[in-house]
Amino acid sequence: MLTINLLGELSFVVNGEPVKPLRSRTATALFLFLACQQRPVSREYLAGHFWEDRNETQAAANLRTALKLLRRPFAPYLTITRQTVAFNQESDHIIDALTFAHQLEQIPRQRPLSLQTADQLTAALALFGGDFLQGFHLPNAPSFEEWQAGQQRHFRRLAEDGLHRLIQY
């Protein structure tokens with residue numbers, strides 16, 4: 001069982017044991033990006049997304065190196081082919097940000113709110129431990145930073161909307 005906490009301080013836990021930080025921030029960012037995707041991503045896209053300042057050959061080599069680093073701690077959670085890389089959606093995992101969003105989406109938008117709906121909102125909002133990848137930065141990867149900033153805005157809006165609904169209750 002893999003637990004990934006993306007809201008607030010980043011952490012990985014496998015079977016109850018914290019995973020040591022990877023040697024490479026880029027490999028960490030790559031794994032986080034893949035974990036948030038709901039589909040396979042082409043190797044070409046990943047190489048360009050994470051190593052946009054490198055030529056195609058060097059970017060592809062860097063991607064291979066990053067994937068090698070990820071295989072050791074996260075092999076069961078990755079599906080790697082010659083053309084694509086994906087987070088294994090069939091694996092036993094919990095990603096707090098995705099659980100948070102899913103729980104909020106499942107809560108009815110009725111007015112006035114019922115006590116049950118308020119309780120559901122409270123439980124969902126308890127998952128929001130802070131901004132998406134709070135304090136995590138990947139220098140020299142503007143595409144990743146742009147994606148991260150978009151995710152931060154998205155999850156912050158979800159939290160604000162949930163809090164607003166709860167306050168109305």
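Suppose R0 equals 30 Å; then what is the FRET efficiency for Gln168 and His137 from their Cβ-Cβ distance, rounded to the nearest 0.05?
Numbers: r = 36 Å, r/R0 = 1.20.
The calculated FRET efficiency here is 0.25.
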Mean accessible area per residue over the stretch 55-108 (1.4 angstrom probe, all protein chains present, square angstrom) is 59 Å²
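Can you tell me the relative contact order of the stretch 62-169? Whole percent, Cα pairs under 8 Å, sequence separation 6 or more.
In percent, rounded to a whole number, it is 24.
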In the stretch 14-70, taking the dipole from +1 charges on Lys and Arg beta carbons and -1 charges on Asp and Glu beta carbons about the Cα centre, the listed residue (Ala66, Trp51, Leu22) farthest towards the positive end is Leu22
In nanometres, the difference between 0.36 nm per residue of separation and the alpha-carbon distance of Glu145 and Met1 is 49.0 nm
With a 1.4 angstrom probe the carbon and sulfur portion of accessible area for the chain, in percent, totals 50 percent
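Would you work out the charge dipole size for the chain about its Cα centre, treating the Cβ of every Lys and Arg as +1 and the Cβ of every Asp and Glu as -1, and quote it to the nearest 20 debye? It would help to have the intermediate numbers written out before the result.
Details: 17 positive and 16 negative charges, 72 e Å.
With only Lys, Arg, Asp and Glu charged at Cβ, the dipole is about 340 debye.
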Among Leu22, Leu104, Leu32, the residue with the largest mean-square fluctuation in a Gaussian network model of the chain built from Cα contacts under 10 Å is Leu22
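Using 0.36 nm times the number of residues separating Arg109 and Arg72, minus their current alpha carbon distance, what extension gain do you get? Intermediate results must be reported in sequence, preceding the final value.
Details: separation 37, 0.36 × 37 = 13.32 nm, distance 4.35 nm.
Length difference between fully extended and current span is 9.0 nm.
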Farthest towards the positive end of the dipole of the stretch 48-169, among Ala126, Gln103, Ala159 and with Cβ unit charges of +1 on Lys and Arg and -1 on Asp and Glu, lies the Cα of Gln103
Residue-ordered couplings for the stretch 58-67, obtained by feeding phi - 60° into the Karplus form 6.51 cos²θ - 1.76 cosθ + 1.60 and rounding to whole Hz (Gly and Pro as x), are 5, 4, 5, 5, 5, 4, 4, 5, 4, 5
log10 I(q)/I(0) for the stretch 4-61, Debye formula on C-alpha points only (no solvent), q = 0.13, 0.20, 0.30 Å⁻¹, two decimals, reads -0.42, -0.85, -1.26
With all protein chains in place and a 1.4 Å probe, His154 shows an accessible area in Å² (nearest 10) of 70 Å²
Over the stretch 51-169, the quotient of the Cα radius of gyration and 2.2 N^0.38 Å is 1.39
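The values are calculated or read from the model by the stated rules, or taken from the named source; none is laboratory data. As the structure is a computational prediction, the values presented were derived from the model and not from experiment. No Cβ is skipped: glycine too gets one built from the backbone with ideal geometry, and neighbour counts run over all protein chains shown. SASA here: full protein model, heavy atoms, side chains in, ligands and nucleic acids out. Shrake-Rupley method; radii C 1.70, N 1.55, O 1.52, S 1.80 Å.
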